[in-house]
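The block underneath contains the structure these notes are about, expressed in structure tokens.
The values are calculated or read from the model by the stated rules, or taken from the named source; none is laboratory data. These numbers were taken from a predicted model, which means no experiment stands behind them. Here Cβ is always computed from backbone atoms with ideal geometry, including for glycine, and neighbour counts include all displayed protein chains. Quick note on the areas: whole protein, heavy atoms, side chains included, nothing else; ligands and nucleic acids left out. Shrake-Rupley method; radii C 1.70, N 1.55, O 1.52, S 1.80 Å.
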Amino acid sequence: MKERLVLVGNGMAGMRAIEELLKISSDIYDIAVFGAEPHGNYNRIMLSPVLTGEKKFPDIMLNDIAWYAENGITLHAGKEVERIERGSRKVVARDGTSANYDRLLLATGSVPFIIPVPGKDLPGVVTFRDINDVEAMLGAAHHHKRAVVIGGGLLGLEAANGLLRQGMDVTVVHLLDTLMERQLDRAAADLLKAALEERGLRFLMQVQTEAILGDARVRAVRFRDGTEIAADLVVMAVGIRPNIALAKSAGLYCERGVVVSDTMQTYDPRIYALGECVQHRGQTYGLVAPLFEQAKVCANHLAELGFARYTGSMSSTKLKVTGIDLFSAGDFQSAEGCEEIVLKDAGRGVYKKVVLKNNRICGAVMYGDTLDGSWYFQLMRDSTDVANLREKLLFGQAHLGDAGHGNIRSRVASMLDSTEICGCNGVCKGAIVKAIGDKKLFTLDEVRAHTKASSSCGSCTGLVEALLASTLGGDYSMTPKKRPMCTCTDHAHDEIRSAILDLEMKSIRAVMDRLEWKSPDGCNKCRPALNFYLLTAWPGEYVDDNQARFINERAHANIQRDGSYSVVPRIWGGETTPAQLKAIAEIAEKYRVPTVHITGGQRIDLLGVVKENLPAMWGDLSAAGFVSGHAYGKAIRTVKTCVGRNWCRFGTQDSTAVGIDLEKMAWGAWMPHKVKLAVSGCPRNCAEATIKDFGVVCVDSGYELHIGGNGGVKVRVTDFLCGVKTPHEVLEYCAAFLQCYREEAHYLERTAPWVERVGLAYVRQRVVEDESGRKILAARFRYSQQFAQVDPWAERAKGVDRHEFIPLKRVG
Amino acid sequence: MNTIKKVMQIADDWTEIGALDEIPRQGARVVKCASGDIAVFRTLNDEVFALRDCCPHQGGPLSQGMVHGREVTCPLHDWKIHLDTGIAVAPDEGCAARYPVRVKSGRVFLSLTAQVAGTSTSP
Ligand code: SRM
Ligand SMILES: Cc1cc2nc3c(=O)[nH]c(=O)nc-3n(C[C@H](O)[C@H](O)[C@H](O)COP(=O)(O)OP(=O)(O)OC[C@H]3O[C@@H](n4cnc5c(N)ncnc54)[C@H](O)[C@@H]3O)c2cc1C
Ligand code: SF4
Ligand code: FES
């Protein structure tokens with residue numbers, strides 16, 4: 001017999017957990033759902049548009065009654081569970097209906113708080129929580145004129161706006177002197193109040209309700225100061241409390257909410273809980289995005305996968321009042337140790353405040369121009385060090401000096417339709433906006449698929465996201481969900497990396513099976529990433545999967561636009577000899593190489609080689625002492641050096657030798673992205689070490705180490721890591737840095753964005769301050785190099801992967 | 001497999017091109033013909049498909065792409081092409097000519113008569 005799973009609470013969190021569970025494994029449980037409301041599951045968020053009249057109830061159904069039957073789920077709609085008998089593992093509803101469970105899921109949501117004043121139970125006094133309340137309000141709007149909304153928070157203002165749109169006279173009364181004090185600071189709240197007043201709402205601030213008056217129906221509201229205000233409808237929207245009555249009566253441990261662990265279990269391990277009713281690590285949540293994250297974790301455990309953990313969420317809010325732009329996230333009241341950056345432009349009705357702590361964003365409030373909300377939120381969630389962005393932070397993402405997009409300086413909203421957003425694929429703003437509208441696109445991936453924008457180098461991703469945000473508008477909660485690795489999975493890079501280690505998964509197949517991949521064998525995005533993660537996690541053990549590599553890495557040469565390939569032999573530290581040059585010259589002639597080019601990386605590129613000739617040509621190169629330069633790989637590329645102390649009158653150290661030693665140590669390592677190194681002999685820096693992933697600048701007293709530079713799409717100067725005394729130390733620090741990066745960065749994340757994401761302080765801590773940690777990292781790098789430093793060209797010249805280079809057959 | 005049956009009737013110029021095992025799973029091999037290269041793909045589940053080795057976008061060699069599911073991603077600019085029809089995965093538009101293939105006792109046979117996906121066979 002199947003195990004029985006019972007859900008109490010047919011709402012947004014509980015049903016999301018069931019849907020997530022069905023996605024993973026649809027047949028391990030017999031599922032029964034109890035819901036106090038006599039409906040299927042609807043989108044509670046959308047009650048506001050139902051109240052304004054923009055939507056009707058059927059539009060907001062998520063799972064209608066038929067859905068439950070179609071999915072083999074027993075729905076007890078309109079049955080409120082009264083008690084849980086934990087001994088016999090049974091729940092019993094008010095009408096006597098009961099169900100036994102092997103696992104129980106509690107998602108009872110919240111109850112609106114009712115201020116305990118006389119008259120609170122009078123007809124005409126409602127809360128704003130479910131469709132019943134909305135129908136009551138709509139009914140009242142039909143027959144009556146005057147509404148009073150108690151509470152100037154998010155819900156109160158949405159209710160007030162709805163009633164106003166239904167033609168009522170609406171007064172909002174609020175205990176404090178600022179609206180939405182949990183989300184806004186005074187400056188933003190004042191702007192909001194003025195805008196709402198302009199639309200016709202009235203406000204009574206700093207008043208305390210003392211009684212609701214009336215006989216057969218509400219007639220007026222009286223305040224502590226003795227004043228009264230006439231009312232035919234009173235909406236109480238003063239807050240919500242986690243609905244823990246049922247859990248408490250069953251003896252489950254509760255504080256403000258039902259206390260759950262990181263696996264969403266209550267103190268009774270058979271009973272899971274999620275949604276607004278729970279308290280996790282001291283926090284309760286009142287927005288759907290965190291609840292949806294909880295639902296994923298819950299489903300992961302119910303499906304007996306058992307690796308997901310919920311560690312808390314950050315959430316952001318917007319107000320769903322058409323025409324009002326407001327964004328709030330995190331901790332925006334500056335506490336001790338915090339700094340505020342503020343921009344206020346009363347003329348434009350724009351206010352922005354970003355709160356920083358240790359150079360990381362910990363909160364933001366925006367009014368009037370919320371375009372960069374998602375950007376701040378991302379920076380906040382990733383805990384990005386913003387020290388370098390600080391000056392321009394408030395002017396928004398579009399104002400960052402971006403070498404790749406020098407012409408796009410203004411906000412996307414004010415861009416012309418003909419402005420090119422994606423330079424790689426030549427896609428303009430107008431085309432993207434049109435596609436979003438016509439094809440109903442909601443996600444970055446969809447925009448990428450339909451327009452190609454942001455699908456190549458990705459440097460315009462932020463702009464495309466901003467366009468999505470400004471075009472879609474709408475919903476006030478931005479999902480703070482981690483970005484999934486690709487459309488084949490819901491998991492983010494970091495989750496996958498840690499699952500590979502935790503669950504000791506050692507093949508791509510195992511990862512795809514265990515983590516429930518949505519496609520049979522992945523795609524061109526996830527397969528290379530998984531191959532790399534596995535290779536890094538299990539050096540010497542994991543067998544590289546050639547079919548999971550992009551052609552360049554599979555063929556160990558760069559494919560060219562005409563289908564031919566280029567060959568770049570390694571030239572250690574950029575130093576060569578006449579004999580080497582002769583050998584290259586002869587080989588180039590022998591294979592009739594059409595173009596020989598001195599690259600920007602101090603070596604020689606032989607372009608236009610037909611694939612079939614590659615192994616033979618490599619054989620000749622091997623015989624002359626060359627190995628692959630990995631010019632094609634997410635791997636160690638070049639180590640540029642200058643001539644240094646041996647020749648140069650300014651040289652302080654033997655930069656060439658240090659560069660060659662670095663290259664001999666590091667070559668062959670697969671990395672998250674390409675990695676370039678350089679060593680300059682003095683601060684004149686002729687090897688351009690300060691725009692490399694790892695750069696060394698020799699000085700009189702030793703060696704300065706620099707990290708995270710990039711000379712490509714978006715030029716970034718390195719951060720200074722530390723100074724060291726000896727070449728031996730240069731090698732050790734470099735090995736540790738490279739290993740830390742390859743073990744922790746996301747696939748296709750170069751060192752520059754990685755350092756920006758994790759922060760220089762973090763890298764310093766790992767590589768400089770923690771001496772024993774550095775030695776361990778360096779040792780791990782060297783260990784894995786044992787298996788990596790095998791010249792792929794020599795192997796292939798001897799016949800490895802022969803099939804890759806010859807046709808299956810010639811016909812005709 | 002309707003399409004394949006239909007194809008077998010029209011194709012009578014089968015050429016044996018080698019063993020199934022010579023084509024890597026989730027990979028491809030090239031058959032060189034006077035009229036141009038043909039890419040022969042083998043999926044994870046050992047299905048075999050053949051397309052003209054020429055991406056409808058800018059002629060990239062599809063044989064060098066990554067095979068996933070019943071699609072191949074072109075190595076040049078990441079277009080995705082349906083292996084069974086040769087048609088580009090929407091929203092891209094275009095089509096690579098398709099060649100009938102069949103596998104018999106581990107040997108692969110190819111017909112050199114191209115089938116251009118018409119509207120009737122498109123999914
Ligand atoms: C050959 C070379 C140009 C040249 O003739 O000089 C070159 C050629 C290519 N570069 Fe480069 N880059 C070359 C030096 C550079 C440099 C200069 C340097 O290394 O000092 C840079 C800027 C420095 C940097 O990387 O920070 C550079 C920044 C890029 C970028 C942008 C990277 C970025 O993070 O922004 C790409 C695109 C990418 O990797 O996604 C790229 C990509 C490419 C690709 C691989 C494009 C492709 O996918 O086909 C080109 C391959 C051509 C081929 O088949 O060989 N190439 N490329 C240079 C080879 C150096 C070598 O010896 O290995
Ligand atoms: C008007 C309004 C607007 C909102 N707007 C937004 C927004 O824009 N963005 C956002 O992120 N969030 C918004 N929210 C909040 C969001 O709707 C909630 O966070 C979310 O619905 C909570 O999900 P839940 O499953 O925990 O609770 P609910 O969705 O409330 O589900 C709980 C269900 O359990 C039932 N139940 C309770 N006890 C029992 C019992 N003993 N037996 C059987 N059934 C029981 C209840 O009747 C209810 O149906 C809004 C909320 C409201 C009311
Ligand atoms: S800059 Fe680099 S990627 Fe661009 S065309 Fe030149 S070699 Fe190719
Ligand atoms: S040639 Fe195939 S995608 Fe451009």
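Here are the numbers for the structure shown:
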{"read-out": "Odd one out for B:Asp46 among (1) in contact with a helix residue (DSSP H, G or I) (Cβ under 8 Å, 6 or more places away or on another chain); (2) more than 13 Å from every other protein chain (Cβ to nearest Cβ); (3) at positive phi", "value": "(2)"}
{"read-out": "Meets criteria (surrounded by 21 or more Cβ atoms within 10 Å (Cβ to Cβ) and part of a helix (DSSP H, G or I)) for A:Tyr733", "value": "yes"}
{"read-out": "In segment B:48-64, residue surrounded by the fewest Cβ atoms within 10 Å (Cβ to Cβ) [restricted to those that are within 16 Å of ligand 1 (Cβ to nearest atom) and under 13 Å from the mean Cα position of the chain (by Cα)]", "value": "B:Pro61"}
{"read-out": "Whichever residue in segment A:755-799 is surrounded by 15 or more Cβ atoms within 10 Å (Cβ to Cβ) and outside any helix (DSSP H, G or I) and, among such residues, is nearest to the other protein chains (Cβ to nearest Cβ)", "value": "A:Asp791"}
{"read-out": "Residues of segment A:246-302 satisfying the condition of being in a strand (DSSP E or B), crowded, with 21+ Cβ neighbours inside 10 Å and not hydrophobic (A, V, I, L, M, F, W, C)", "value": "A:Tyr272, A:His280"}
{"read-out": "Hey, A:Gly87 buried (at least 19 other Cβ atoms within 10 Å of the Cβ) and away from ligand 1 (no atom under 16 Å from the Cβ) or not", "value": "no"}
{"read-out": "Test for B:Ile17: is it more than 16 Å from B:Pro100 (Cα to Cα) and either within 7 Å of chain A (Cβ to nearest Cβ) or surrounded by 17 or more Cβ atoms within 10 Å (Cβ to Cβ) (or both)", "value": "no"}
{"read-out": "Residue check for A:Asp719: modelled with pLDDT of 95 or more and among the acidic types (Asp, Glu)", "value": "no"}
{"read-out": "Neighbours by Cβ (under 7 Å, 6+ apart or cross-chain): first from segment A:264-292, closer than 11 Å to A:Pro242 by Cβ; second part of a loop (DSSP other than H, G, I, E, B) and basic (Lys, Arg)", "value": "A:Gln279/A:Arg256; A:Thr284/A:Arg256"}
{"read-out": "Residue in segment B:65-72 that is modelled with pLDDT under 95, within 16 Å of ligand 4 (Cβ to nearest atom), over 11 Å from the mean Cα position of the chain (by Cα) and closer than 25 Å to A:Arg549 by Cβ present", "value": "no"}
{"read-out": "Condition check for A:Val92: in contact (Cβ under 8 Å) with a residue 12 or more places away in the chain, of a type in the set (Val, Ile, Thr) and within 26 Å of A:Pro269 (Cβ to Cβ)", "value": "no"}
{"read-out": "Enumeration of residues in segment A:605-631 that are more than 22 Å from B:Arg29 (Cβ to Cβ), out of contact with any Asp or Glu (no Cβ under 8 Å at 6 or more places or on another chain) and buried (at least 21 other Cβ atoms within 10 Å of the Cβ)", "value": "A:Leu606, A:Leu621, A:Phe626, A:Gly629, A:His630"}
{"read-out": "Total residues in segment A:115-158, condition free of Cβ contacts under 8 Å to residues at least 24 places away in the same chain and assigned to a loop (DSSP other than H, G, I, E, B)", "value": "2"}
{"read-out": "Residue match in segment A:303-310 (condition: under 30 Å from A:Val50 (Cα atoms) and over 24 Å from the mean Cα position of the chain (by Cα))", "value": "no"}
{"read-out": "Where A:Thr178 falls short, out of the listed (1) of a type in the set (Val, Ile, Thr); (2) crowded, with 22+ Cβ neighbours inside 10 Å; (3) modelled with pLDDT under 95", "value": "(2)"}
{"read-out": "Residue, farthest from the chain's Cα centre (by Cα), within segment A:532-586, restricted to residues that are within 16 Å of ligand 4 (Cβ to nearest atom) and polar (S, T, N, Q)", "value": "A:Ser564"}
{"read-out": "Of residues in segment A:800-812 being open to solvent by less than 40 Å² (accessible area, probe 1.4 Å) and free of Cβ contacts under 8 Å to residues at least 24 places away in the same chain, the one farthest from A:Arg554 (Cα to Cα)", "value": "A:Val811"}
{"read-out": "Pairs with Cβ under 6 Å, 6+ apart, first in segment B:47-67 and under 18 Å from A:Asn552 (Cα atoms) and touching a residue at least 12 places away in the same chain (Cβ under 8 Å), second within 8 Å of ligand 4 (Cβ to nearest atom) and among the aliphatic types (A, V, I, L, M)", "value": "B:Asp53/B:Leu62; B:Cys55/B:Leu62; B:Gly60/B:Leu76"}
{"read-out": "Those residues of segment A:58-67 which are under 30 Å from A:Val92 (Cβ atoms) and under 32 Å from the mean Cα position of the chain (by Cα), in sequence order", "value": "A:Met61, A:Leu62, A:Asn63, A:Asp64, A:Trp67"}
{"read-out": "Unique residue being at the interface with another protein chain (Cβ under 10 Å from one of its Cβ atoms) and at pLDDT 95 or above when the list is B:Asp53, B:Asp92, B:Asp78", "value": "B:Asp53"}
{"read-out": "Meets criteria (away from chain B (no Cβ under 14 Å), more than 20 Å from A:Lys664 (Cα to Cα) and open to solvent by less than 40 Å² (accessible area, probe 1.4 Å)) for A:Gly709", "value": "yes"}
{"read-out": "Subset of segment A:306-329 (residues that are surrounded by fewer than 19 Cβ atoms within 10 Å (Cβ to Cβ) and modelled with pLDDT of 85 or more)", "value": "A:Arg309, A:Thr311, A:Gly312"}
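For (1) open to solvent by 70 Å² or more (accessible area, probe 1.4 Å); (2) away from chain B (no Cβ under 14 Å); (3) within 16 Å of ligand 4 (Cβ to nearest atom); (4) under 20 Å from A:Phe292 (Cα atoms), each residue gets a yes or a no:
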{"residue": "A:Lys2", "(1), (2), (3), (4)": "yes, yes, no, no"}
{"residue": "A:Leu5", "(1), (2), (3), (4)": "no, yes, no, yes"}
{"residue": "A:Gly9", "(1), (2), (3), (4)": "no, yes, no, yes"}
{"residue": "A:Arg16", "(1), (2), (3), (4)": "yes, yes, no, yes"}
{"residue": "A:Leu21", "(1), (2), (3), (4)": "no, yes, no, yes"}
{"residue": "A:Ile24", "(1), (2), (3), (4)": "no, yes, no, yes"}
{"residue": "A:Asp30", "(1), (2), (3), (4)": "yes, yes, no, no"}
{"residue": "A:Pro38", "(1), (2), (3), (4)": "yes, yes, no, no"}
{"residue": "A:Asn43", "(1), (2), (3), (4)": "no, yes, no, yes"}
